[in-house]
Every structure is written in structure tokens, then in C-alpha cells.
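Just so it is clear, none of the values below were taken in a lab; they were calculated from the coordinates. This structure is a prediction, so every number in the text was calculated from the model and none was measured. All Cβ positions, even for glycine, are placed from backbone atoms using ideal geometry, and neighbour counts span all protein chains on display.
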């Protein structure tokens, strides 16, 4: 089990890790349709909370979280904000064309900069009913506050699975964040078989969401309330934020039989100097809220290690990097090197993309606990859980299925220590 003491006792050493031989069928389980939560709990913190420490399983409620977290712990939360990524256009013939915005392509690829773009932009998108849209420009009237804007969409390229769509709008004074907020719909996950309603605008968003850019919510954070944060503070439990903009690839199932054949999606991460300082100052357990926070924090280690070895700050943590690395250094040294780089370059934030896959055989470098929801069978998220729990995940998921826990994005939560 990972331990915060690794920060100070993990020595410098050399070793070679190879990619573990993992059969995806070992990470399957029967998930009845009726156990997938289609709606959130009546109150955010009214969800069930399964607590697992070592070999014990305890059933609690999420509002009891503060009493279950060790004192002096640091909770790291993903403060990304879900954008209204689903845009519904109609052709003059009446055919409905749904455009699902995935990530920006030009003139800015950085999501937070792209959301501030005015006048026009190009995004990589998925298109529903694409066979009905071979050419021409689609137009959608958009009501913003008391004014009206015309949003147009033109297809400018495509590959096997996605399309490049150029959006233009008039008047040009609005930024794309305002346009998509007014024109689009909440992008509920594909396994929630219902249209998004007005309640989803609030409930499929964390109370601490700040930075526009995700097309899926960091769902472990959906359970948190202002009352819970106050209780955590009273127990001397600190919180810090990281930003990982969740992509649609988070729902992509592993279709290959062997993990080596799976291509992991990349997602943008923004890390503040304040977060790194908080990690270095942590006196207790570092607990990630959600698998997106886990991936962000663990990627931060490999980003810093790569920088120390190459002298150049990389812009991508590659999928297999943790399994091919020959040299490692203690976590504290790696984080200090990132802090020194930011100070030398007068940076308050660093941004990069991560393609990291965390699976059994991975050695956790930063986190020593996590809050998360229950995940889909044969998913990379379930592999991440298994990397932390080992085979205990099977008993935990069976307990949840036998005790009326609700699964997936709007479902119940777990605390793993």
C-alpha cells in the first residue's frame, strides 16, 4: 500500500519496469442496467460511501466523510468545469445534426485559452448523424443574456472517428465559453440513457468547478458540499486544486484483449505552484478526489522526473513512461525540481498533457488514498483502482452490488485508504 513516507525514505535507485501482461477479461464484472444511476441523489452528500482500509469494508454516508479522513491529510480535487459540449443544429431539410465538441485545434490548442477565443475557432468533434451532413454550413440562433447571436458550423476536415469543425459567430464580441454555455447541452455520459435536463446544469458540475474545459465531470467531486468542506477544515484537513480537463476518452472501453494494444487518450492538465508547495508541505496522507486527480498527481511525478533527466520541460507524459523508465528519484526531489523551474521562469502554473495509464504493477509516487465512484467493467478506470487495491477490488465491487450501491457517474462513492 502506498505511504506518504515515501516522500522522505524512497532512495535513488535504478531499475527497469516492463509493461505487465494484463488480460482485460480479468477486469470484467456483471453490472446490471438497474444499478447504473440515471439521476443524482436528492442531495449531493446523501450518497452512500463505501470505506475500505486494508481488508475491511464499512458502509457509511458521504456526509460522514470528514470523520473518516485521517487528520492532517491533504485532499486534492480537480476543479475543471464541464462545458455544454453538445450542440444541436438542424439542416434546412429538418435533419438533426449533433456536434459534440471534444478539444480545440486552432488558433489555440490550450483549452483555457481556446475558451476565451472570440469570433471563430476550430474544434475536434464527434458528429451525430454525420451521413446527413456532407457539405454546407449549419446555423444556430443563440440567445445570450438579452441579445441574440448567430453561430455557424462548417466541416473542414475529418479522420476515422472525428471531424474538424470551424465555428464562427456574430457579433464577435462574445468568447467561445459564452457561446457554448448558451447554445449547448450538458454532455451526460453515454450510459445515462436520457436527455439532459435543467437540473443537470447544476448537478453534473462540482460546487468547486472553476476552469472551463471538460466534456465529462470529475464525478467523485460531485458529492462534495460547502458543509463538508467546513467539516474538513475543522478537522485540520487541507484541500488543494489541480485541473485536468476530462475528455470523452474517459468512457472509451478497452476493446483489445491485451493492455499493450490499447491506446490511451491524452488530457490537458494545469498545475499551480501553490499545489506543488502543498504537496511538499503535506504532513499526512495525500488523498486524491477522483481518478482524474490521481492521474494528474502521478503524472506530475513523471513530468518532473523527465525534466530532471532531459533538462527540458516536456509537454506530454506518455502512456508507457512509468513502465519504461530506467532511473527514478525520490518524490520530494522531483517536486522540488518542478518548483525550482517555475520560480526560475516566474511561472505560477505549468500545463501539459498526460496519456498515462495506471494499472496493476504501477508504483504510486504521490497519493496514499483516494475518493472515487464505481467504474465501468473493463475500463482503464477500473485498472487504476486495481493498481491501488490489488484483487480486493473484486470483493469491494461485489459488496457494493449486494448492498444496493448505485454505480457510475451519478452513483455512490468509495474511500480507499
Estimated inter-spin distance, residue 236 and residue 110, nm [label 7 Å along Cα→Cβ]: 3.9 nm
- prompt: By how many degrees, between 0 and 90 and to the nearest 10, does the Cα long axis of helix 291-310 differ from the longest principal axis of the chain?
  reply: 80 degrees
task: Take 210, 295, 203 and order them by how many other Cβ atoms sit within 10 Å, fewest up front.
output: 210, 203, 295
field: Distant alpha-carbon pairs in the stretch 85-184 (separation over 16 angstrom), percent
entry: 52 percent
- prompt: Which whole-number percentage describes the relative contact order of the stretch 284-342, with Cα contacts under 8 Å and a sequence gap of 6 or more?
  reply: 33 percent
message: With the cut-off at 1.5 for a/c, could you classify the stretch 275-319 from its C-alpha gyration tensor as rounded, prolate or oblate?
response: oblate
task: If a/c stays under 1.5 just call it rounded; otherwise compare a/b with b/c (prolate if a/b is bigger, oblate if not). Do that for the stretch 163-219, with a ≥ b ≥ c from the square roots of the Cα gyration tensor eigenvalues.
output: prolate
task: Give me the percent of DSSP beta bridges within the stretch 85-184 that run antiparallel, rounded to the nearest 5.
output: 100 percent
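I'd like to compare 312-324, 259-271: which one has the highest average count of other Cβ atoms within 10 Å, and what's the full order after that? Mind showing how you got there, number by number?
On the way: 312-324: 16.2, 259-271: 18.8.
Packing proxy ranking, top to bottom: 259-271, 312-324.
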- prompt: Can you sort 36, 57 by how many other beta carbons sit within 10 Å, fewest first?
  reply: 57, 36
- request: Quick one: compute the contact order of the chain, relative version, from alpha carbon pairs under 8 angstrom and 6+ residues apart, as a percent.
  value: 27 percent
query: For the chain, what is Rg from Cα atoms divided by 2.2 N^0.38 Å, rounded to two decimals?
result: 0.99
- line: The distance between the Cα centres of the stretch 249-266 and the stretch 101-137, in whole Å, is 24 Å
message: Could you work out the relative contact order of the stretch 275-417? I mean the mean sequence separation of Cα pairs under 8 Å and 6+ apart, divided by the number of residues, in percent.
response: 29 percent
task: Before rounding to the nearest 500, sum -39500 (n - 2.57) across all DSSP H runs of length at least 4 in the chain and divide by the residue total; then give [θ] at 222 nm in deg cm²/dmol.
output: -6500 deg cm²/dmol
task: Provide 127, 180 in ascending order of the number of other Cβ atoms located within 10 Å of each residue's Cβ, fewest first.
output: 127, 180
- prompt: Across all directions of projection, what mean area in square nanometres is found for the Cα convex hull of the stretch 22-97?
  reply: 10.8 nm²
message: What is the angle, in °, between the Cα long axis of helix 331-344 and the longest principal axis of the Cα atoms in the chain? Nearest 10 is fine, range 0 to 90.
response: 50 degrees
message: Angle check, please: helix 392-402 long axis (alpha carbons) against the longest principal axis of the chain (alpha carbons), in degrees 0 to 90, nearest 10.
response: 60 degrees
field: Where labels lie 7 Å past Cα in the beta-carbon direction, separation of residue 66 and residue 198 in nm
entry: 3.2 nm
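Of the beta bridges DSSP finds with both residues in the chain, what % are antiparallel, to the nearest 5?
Numbers: 57 of 79 bridges.
If we restrict to bridges inside the chain, about 70 percent are antiparallel.
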- prompt: Which value does Rg/Rh take for the stretch 275-361 over its C-alpha atoms, Rh per Kirkwood?
  reply: 0.94
